[in-house]
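Below is one structure, written out as structure tokens, with a few remarks after it.
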Amino acid sequence: MKFYSLNKKSPKASFEEAVINGIAPDKGLYFPEKISSLPKAFFANIEQFDNHEIAYQLIKQFVGDEIPEGSLRAIIKDTLNFDFPLVNIEKDVFTLELFHGPTMAFKDVGARFMARCLSYFNKNSDQEVTVLVATSGDTGGAVASGFLGVKGVNVLILYPSGKVSKVQEKQLTTLGLNIKALEVEGTFDDCQKMVKDAFMDTEITDKIKLTSANSINVARWLPQMFYFAFAYKQLANKSKKLIFSIPSGNFGNICAGMMAHRLGLPVGQFIASTNSNNVVPIYLETRKYNPIKSIQTISNAMDVGDPSNFIRIQKIYNNSFNKLKKHLHSYSFTDYETRDAMLSIFKKDKYIADPHGAVGYLGLKKYMKSSKNSQGIFLETAHPVKFLEVIEPVIKQTIDYPPQIQEVINKRKKATFIRSYDEMKTFLLG
Ligand SMILES: *Cc1c(COP(=O)(O)O)cnc(C)c1O
């Protein structure tokens, strides 16, 4: 399979090149040249297939023959070694729990798949690759865990000091081996700028082979299709109109859901639920796309003022505003509404939602008010334990550490504190 750059000023790339480059030389996002739907019978009979088979059928056309079937199946099996339960919390309202992986966020799926693809492509090379990644919290942990112990790959994570949750910080800084963390005096934007500058700095790139592991990489984006199909498989009643509400920041997750729909997954409606970073809801209302400087909220993994995957979403709908508007609704919610939703879900449904999931719930409920004979699924993108500081004061109850967290929480943090780009560069070259 070939991928082309959505900026159209770069040569086409193979899957391997797209995974290794991350972004095209013209700074465009890679997009598959051709998309083929799967046979209707596949979705009609989905209950007969196990998750690994479903994943293989969804991804194989994008990988093509660049990874042989046996190896691709092994990568999938290794990636998906945890569950994706669909939990019924109210009549016709379900949540898809995507937090049963090693770092308890949905990003585990993309990060684990990408790490294994990179390792496959790097297996005959003796040059080491350094994955450089900036994180506002969840990405760093998932990438660190996904790449831990992967041969030929070093990982350097930059995170803003004092701006990630305690659990997240432990996940970034306690693994050791090929994973190193830099604690940056500054914001997430500062971290991201340092990463971008490093890619442009020939004094670095002449010596070190750099790659990124952010959500625009096709090997992180596409495997996120899998769990939309796993959710569908688990639905008892498949005749009602199905609505997916996705708490969205960079819009990679929802874009993967739309790709699954493009392959034939029966979805009636997508809802992009956002916090106060409401560029997309405003766009769908006014047709004007105006990026903003990101606003800080309690659902901080979605604090994105210019969602990078939105351009892929437009492409999936052939850049037709009307088509897009038919399939996608988008609503924005304040922190006040989000806290209120967490409390009411806890009291009414006896369920603890994290702030991101709560935003997804709000979007789903808003749409379902005017949609008859439908059922909805909102994605729970992270385990509540990752956002203890926000949730516990709202529900006035403590949240116990699951085993994955227990394991890291008492380990000693190891990070190098830096104040400037030059300090990062010295660390990288040293
Ligand atoms: C990254 C993240 C999101 C946003 O996902 P996108 O693909 O960037 O839209 C939502 N919730 C959590 C918990 C996240 O970590």
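The values are calculated or read from the model by the stated rules, or taken from the named source; none is laboratory data. Being a predicted model, the structure only gives us computed values, none of them experimental. Here the Cβ is made from the backbone with ideal geometry for all residues, glycine too, and neighbour counts use every protein chain on show.
Among the residues in the range 81-92, are any touching a Pro at 6+ places or on another chain (Cβ under 7 Å) and among the aliphatic types (A, V, I, L, M)?
Kept after step one, since they are touching a Pro at 6+ places or on another chain (Cβ under 7 Å), are these residues of the range 81-92: none.
No: the range 81-92 contains no residue that is touching a Pro at 6+ places or on another chain (Cβ under 7 Å) and among the aliphatic types (A, V, I, L, M).
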Quick check: is even one residue across the range 210-220 in contact (Cβ under 8 Å) with a residue 60 or more places away in the chain, away from the ligand (no atom under 16 Å from the Cβ) and touching a Leu at 6+ places or on another chain (Cβ under 8 Å)?
yes
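Residue-by-condition table, conditions (1) more than 20 Å from residue 246 (Cβ to Cβ); (2) within 16 Å of the ligand (Cβ to nearest atom):
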{"residue": "95", "(1), (2)": "no, yes"}
{"residue": "129", "(1), (2)": "yes, no"}
{"residue": "133", "(1), (2)": "yes, yes"}
{"residue": "137", "(1), (2)": "no, yes"}
{"residue": "155", "(1), (2)": "yes, no"}
{"residue": "172", "(1), (2)": "yes, yes"}
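Filter the range 305-321 for residues that are among the polar types (S, T, N, Q) and either within 12 Å of the ligand (Cβ to nearest atom) or outside any helix (DSSP H, G or I) (or both) and give the result. Quick ask: steps written out before the conclusion?
At the first step, the residues of the range 305-321 found to be among the polar types (S, T, N, Q) are 308-309, 314, 318-320.
Within the range 305-321, 308, 309, 318, 319, 320 qualify.
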Return the residues of the range 6-40 that are farther than 18 Å from residue 59 by Cα and surrounded by fewer than 13 Cβ atoms within 10 Å (Cβ to Cβ); say none if nothing qualifies.
8, 9, 11, 25, 26, 27
Out of all the residues in the range 364-408, which are farther than 16 Å from residue 339 by Cβ and in a helix (DSSP H, G or I)?
364, 366, 367, 368, 385, 386, 403, 404, 405, 406, 407, 408
Per-region count, the range 156-179, residues among the basic types (Lys, Arg) and in contact with a Lys or Arg (Cβ under 8 Å, 6 or more places away or on another chain):
1
Give the residues of the range 72-127 that are over 27 Å from residue 168 (Cα atoms), at pLDDT below 95 and not in a helix (DSSP H, G or I), sorted by residue number.
122, 123, 124, 125, 126, 127
Anything in the range 27-43 that is part of a helix (DSSP H, G or I) and touching a residue at least 40 places away in the same chain (Cβ under 8 Å)? List them, or say none.
40, 42, 43
For the range 271-304: of the residues being part of a strand (DSSP E or B) and within 12 Å of the ligand (Cβ to nearest atom), which is surrounded by the most Cβ atoms within 10 Å (Cβ to Cβ)?
273
Among the residues of the range 245-262, is any surrounded by fewer than 24 Cβ atoms within 10 Å (Cβ to Cβ), more than 10 Å from the ligand (Cβ to nearest atom) and not in a helix (DSSP H, G or I)?
no
Filter the range 239-274 for residues that are among the hydroxyl-bearing types (Ser, Thr, Tyr) and within 17 Å of residue 86 (Cβ to Cβ) and give the result.
239, 245
Just one listed residue, out of 9, 60, 91, is closer than 17 Å to residue 229 by Cα and of a type outside the set (S, T, N, Q), and it is 60
Could you check, for the range 124-136, whether at least one of its residues is buried (at least 20 other Cβ atoms within 10 Å of the Cβ), among the charged types (D, E, K, R) and in contact with a strand residue (DSSP E or B) (Cβ under 8 Å, 6 or more places away or on another chain)?
no
Which listed residue, of 356, 329, is more than 30 Å from residue 197 (Cα to Cα) and outside any helix (DSSP H, G or I)
329
If only one of 3, 43 is farther than 28 Å from residue 307 by Cα, aromatic (Phe, Trp, Tyr) and crowded, with 19+ Cβ neighbours inside 10 Å, which one is it?
43
Given the conditions (1) on the phi > 0 side of the Ramachandran plot; (2) surrounded by fewer than 23 Cβ atoms within 10 Å (Cβ to Cβ); (3) within 16 Å of the ligand (Cβ to nearest atom), and given that residue 104 satisfies all but one, which numbered condition is not satisfied?
(2)
